[in-house]
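Take a look at the structure below.
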Amino acid sequence: VVAALGKRNKLFIATKVWTQDDLETKKKVLAQSLQELHMDKVDAMQFHVTMGPNMDWGVLNEFKAQGHCRYTGFTNSRVTSHADSQAILKRDKPDFIQIDYSLDDRDAEDGILPAAKDAGTAVLVNVPFGHGRLFKKTAGKPLPDMAKEIDCTSWAQFALKWLLGHPAITAVIPGTDKAQYMTDNLKAGIGRLPDAAMRKKMVEIFEAL
């Protein structure tokens with residue numbers, strides 16, 4: 001659809017390759033990704049899941065040097081790998097990382113996010129609703145009055161604006177297959193965002209539900 005509409009330049013395209021694959025498989029998957037996306041270049045190509053602090057970036061660096069991507073990085077959603085992620089950030093200063101982070105999963109705050117900020121690394125956030133746990137906790141609960149101060153009209157926007165208000169966060173990936181949810185999520189990128197004091201208050205409100 002993107003290719004047919006000629007909208008490639010309007011979008012930021014990110015994908016990933018498994019870290020565990022051997023070199024030839026990685027190269028094959030990288031080429032296959034471009035083919036299946038009907039593109040000759042993506043914006044961010046990432047290693048999926050860190051395998052220790054000494055990852056070999058060779059294949060991604062080559063992919064980038066060939067002009068097939070603008071940025072490289074890695075994705076990681078395991079708390080047990082946070083120390084590895086911080087070591088990689090400090091040593092390699094990748095362009096991008098992708099992490100789990102949400103109102104009910106704040107483990108990344110103490111180490112990874114400060115390390116990413118120090119490294120100048122952009123941060124993509126996945127699972128911003130905690131695999132749906134946020135909606136189970138907020139179901140039937142009215143939005144707090146302070147939501148009006150950040151132009152927020154739904155719990156989804158509340159959660160997304162809390163993320164976007166963090167100075168280390170570059171973008172958030174909500175993920176949905178329903179148009180009405182996508183429209184609602186997009187509204188989180190409009191209007192005011194919370195500052196540090198308000199983000200703290202938002203956590204307190206969420207925890208009290």
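The phi torsions of region 121-129, fed into the Karplus equation with coefficients 6.51, -1.76 and 1.60 and a -60° offset, translate into couplings of 8, 6, 10, 9, 10, 10, 6, x, 10 Hz, rounded to whole numbers, with Gly and Pro shown as x. Rounded to the nearest 20, the Cβ-based charge dipole of region 95-183 about its Cα centre (Lys and Arg +1, Asp and Glu -1) stands at 420 debye. Based on protein heavy atoms only, the chain ends up with 54 Å² per residue of surface accessible to a 1.4 Å probe. For the chain, the longest principal axis of the alpha carbon atoms and the long axis of helix 155-164 meet at an angle near 60°. Once the gyration tensor of the Cα atoms in region 97-198 is diagonalised, the equivalent ellipsoid follows with semi-axes of 22, 15, 13 Å, ordered largest first. Converting phi to 3J(HN,Hα) with the Karplus coefficients 6.51, -1.76 and 1.60 and the offset θ = phi - 60°, region 135-145 yields 6, 5, 6, 9, 3, x, 8, x, 5, x, 4 Hz in sequence order, with x at every glycine or proline. The Cα-based radius of gyration and maximum Cα-Cα distance (Dmax) for region 38-87 are 12.2, 36 Å. The angle between the Cα long axis of helix 82-92 and the longest principal axis of the Cα atoms of the chain comes to about 60 degrees, rounded to the nearest 10. For Lys93, the aspartates and glutamates whose Cα comes closer than 16 Å to its Cα, not counting residues fewer than 8 places off in the same chain, are Asp56, Asp84, Asp118. Sorting the segments 175-181, 194-200 by their residues' average number of neighbouring beta-carbon atoms within 10 angstrom, most packed first, yields 194-200, 175-181. Between Gln180 and Trp18, the FRET efficiency from the beta-carbon distance, with R0 = 35 Å, is close to 0.60.
Pairs spanning more than 25 Å between alpha-carbon atoms, out of Lys41/Lys90; Lys28/Lys64; Lys137/Lys161; Lys16/Lys136; Lys117/Lys178; Lys117/Lys201: Lys41/Lys90; Lys16/Lys136; Lys117/Lys178. If you wrap the tightest convex hull around every Cα atom of the chain and split its volume per residue, you get 132 Å³. To the nearest ten degrees, helix 23-37 and the longest principal axis of the Cα atoms of the chain are 60 degrees apart. Distances between placed amide hydrogens fall under 5 Å for Phe47 paired with Val17, Gly73, Phe74, Thr75, all partners being 5 or more residues away or on another chain. Each helix, a run of at least 4 DSSP H residues, gives -39500 (n - 2.57); summed and divided by the residues of the chain, these come to -11500 deg cm²/dmol at 222 nm. Packing here is the average count of other Cβ atoms within 10 Å per residue, and on that basis the peptides 131-138, 152-159, highest first, run 152-159, 131-138.
Straight-line cross-link partners of Lys10 among the aspartates and glutamates, defined as a Cα under 18 Å from its Cα and at least 8 positions apart when in the same chain: Asp40, Asp43.
The values are calculated or read from the model by the stated rules, or taken from the named source; none is laboratory data. What you are looking at is a predicted structure, and each value in this text was computed from that prediction instead of being measured. As a convention, Cβ positions derive from the backbone with ideal geometry for all residues, glycine included, and neighbour counts pool all protein chains shown. Ligands, DNA and RNA are excluded from the accessible area calculation, which covers all protein heavy atoms including side chains. Shrake-Rupley method; radii C 1.70, N 1.55, O 1.52, S 1.80 Å.
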